[in-house]
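The values are calculated or read from the model by the stated rules, or taken from the named source; none is laboratory data. If you're wondering where the values come from, they're calculated on a predicted model, not measured in any experiment. Counting neighbours? That spans all protein chains shown, and the Cβs are built from the backbone with ideal geometry, glycine included. The accessibility values were calculated without ligands, DNA or RNA, using every heavy atom of the protein model including side chains. Shrake-Rupley method; radii C 1.70, N 1.55, O 1.52, S 1.80 Å.
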Amino acid sequence: MIDRTGLADFLRRRREALRPADVGLAEGVRRRTPGLRREEVAQLAGVSTDHYTRLEQARGSAPSESVVAALARALRCDPDERDHLFHLVGLSAPPRLAGNRIRPGLISLASRLVDVPVCIYTDLGEVVWTNALQDALTGRDITGPGRENNIFWQWFTDPAWRARVPEEDWPRMSAAHVGDLRSTYSRRAGHRGLADLVRDLLDSSAEFRALWERHEVAVRRADRKNVLHPRVGLVRLRCEVLLTPEDDVRMLASFPVEGTDAAEKLTLLRDDATAAPTTGPATATGPATATATATATATATATTPATTPERSSESASATAP
């Protein structure tokens, strides 16, 4: 049973304990109350301000498991605080995998990479944190709970996700997605959410079914990818993926390929993103900036994404977000 009073008090205290700089926000004008504003927490978690406000007022509908996880990331809860938040809502706390909580240090590292697109996502494909340049490059801001921010699901079910990828790269990227998901599927045997995702993909995409039957496995570590941007044209990128020790959260950083004009094009996009007015963090709106947000991210859909998103001859793919 949900403890509405306890939930409201905990959310308020965690919100008031955070400074804007803790989540990548500028201090801005003088604040009348300590901590973050309600609308800022809601944006970080990918939920409506009205829904979050009702939770802090001990009223409204009980949040879902995915929303609780997103709130824990947005409020920078440590594992004990995250478990406490789940218990206040009357839910069992998820297993302590890195994909359900992105370490603040990882976000701090990602936040400093302002000159390149960065995305944090989980091995289940959930985007939990993106920076402004990643969002500008992909044309997406997709951090937050649900399938709409899952790299694997969107790639195989929503044609719009492929709009900025050259068509000749689609087969390679599709195979990379499936090979990466295969490795997670075996490593996380019995994970209900992952099993549901694979089953639904098998039902929804003939392309995914054909690739899944090939039983090819490849964890993403490094690669190259091409992005077709409507303003600056083709951007050629070299991608590096930083894996966490548990291998279920990844930080994808995309660097311009040497000898191309990608660096100049990224600078143009970064300047546009910096100049654009924002009401919240320029980086993530939900697993993550979560703590991720994020997008890792998360499971980490996990791009992309994004909020904030290659295979060449290298051994593994970084085709996510």
Return one whole number: the accessible area per residue of segment 1-151 in Å², for a 1.4 Å probe.
43 Å²
Report the label-to-label distance for Asp158 and Leu268 in nanometres (one decimal), using points 7 Å from each Cα along the Cα→Cβ vector.
2.6 nm
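Sorted by packing (mean other beta-carbon atoms within 10 Å per residue), highest first, where do 212-224, 63-75 land?
Details: 212-224: 16.9, 63-75: 25.5.
Descending mean neighbour count gives 63-75, 212-224.
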What percentage of the solvent-accessible surface of segment 184-261, computed with a 1.4 Å probe over protein heavy atoms, is contributed by carbon and sulfur atoms?
50 percent
Share of Cα-Cα pairs in segment 57-186 lying beyond 23 Å, as whole percent:
42 percent
Note down the relative contact order for segment 141-234 as a percent, whole number, built from C-alpha pairs under 8 angstrom at least six residues apart.
33 percent
Quick check: at a probe of 1.4 Å, how many percent of the accessible area of segment 1-111 sits on carbon and sulfur atoms?
50 percent
Need one number: nm distance between label points at Ile2 and Ala275, each 7 Å from Cα along Cα→Cβ, rounded to one decimal.
4.4 nm
Specify the inter-centroid distance of segment 107-173 and segment 1-58, based on alpha-carbon positions, in whole Å.
26 Å
